[in-house]
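Okay, structure first, notes after.
We did not get these values from a lab; they are worked out from the coordinates using the rules stated. These figures come from a predicted structure and were not determined experimentally. Neighbour counts run over all protein chains shown; Cβ positions are idealised from the backbone, glycine included.
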Amino acid sequence: MTGAFSQSLKYRKAPAFKAGEELKYRLRYGFITAAEGTLNVLDSDVKFNGHPVYHLLVQGRTSASFNLFYKVRNRYDSYIDRTTLLPYLYTENIREANYRRQDKVRFNQTANTVTGKKGTFAGRDMTFDLVSSFYFARSLDLSGIRVGTEFTIPYFLNDEVSELQITYVGKERIKTAIGTFNCLKFNPSIKPGRIFKDDSKLYLWITDDGNRIPVKAQVEILVGSVTLEVTAVKGLLH
């Protein structure tokens, strides 16, 4: 990889998705399907300060074979502006074995503040939750991107503002259950925690087209590694 190049966030002025998009994934641990996930872009009648929004819904659950060992039922909701793709409201309901967490976060994009359980915090010029940051990243202008280019996306999680560092690795052709795609490969940063090691690496492959569909991700965990693979898509913009 060449030396790193810092690049500001340049939005394409049009999202890479539309209401009705649904992406389905399976999470493999070795050769075993450990979990399944679904990402939906939904229409919403809710408005924030008069602005129409997309409702982003992410759900994940362990497969039947893994429920006996570590049952997971997670749900994440994010409401984002249809024009800027910036979030107004984020909620999460996490149930992982005996671990439970619920959270509600409100974003004031005008005042650059974020309000969570522990109060109101100063945000950045653009601050996201993890779900909205993912959809915003899909809609970035990547024309002329060079290997080693880095992006920084501020996000709010667990009552603190952090920065997601994303490094562009290059192009690869990836075979999936729904076909073979020319992809852009990225290396997003991750925080060590309950399942990640201090030196865990995460790689993400996104289709090199107008849809920017994430088709594969691979990450090292405390024991071994897991792979996320796309299994079905519908309602694509292009």
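Brief remarks on what is shown
- Residues being in contact with a helix residue (DSSP H, G or I) (Cβ under 8 Å, 6 or more places away or on another chain) and either outside any strand (DSSP E or B) or surrounded by 15 or more Cβ atoms within 10 Å (Cβ to Cβ) (or both) - total across region 30-45: 4
- Filter result (more than 19 Å from Thr83 (Cα to Cα), surrounded by 13 or more Cβ atoms within 10 Å (Cβ to Cβ) and over 19 Å from the mean Cα position of the chain (by Cα)) within region 97-113: Thr113
- Flag for Thr167 being under 28 Å from Ala232 (Cα atoms) and surrounded by 14 or more Cβ atoms within 10 Å (Cβ to Cβ): yes
- Within region 55-73, residues that are hydrophobic (A, V, I, L, M, F, W, C) reach partners that are surrounded by 17 or more Cβ atoms within 10 Å (Cβ to Cβ) and part of a helix (DSSP H, G or I) with beta carbons closer than 7 Å, at six or more positions or on different chains, in the pairs Leu56/Val131; Leu56/Ser132; Leu56/Tyr135; Val58/Val131.
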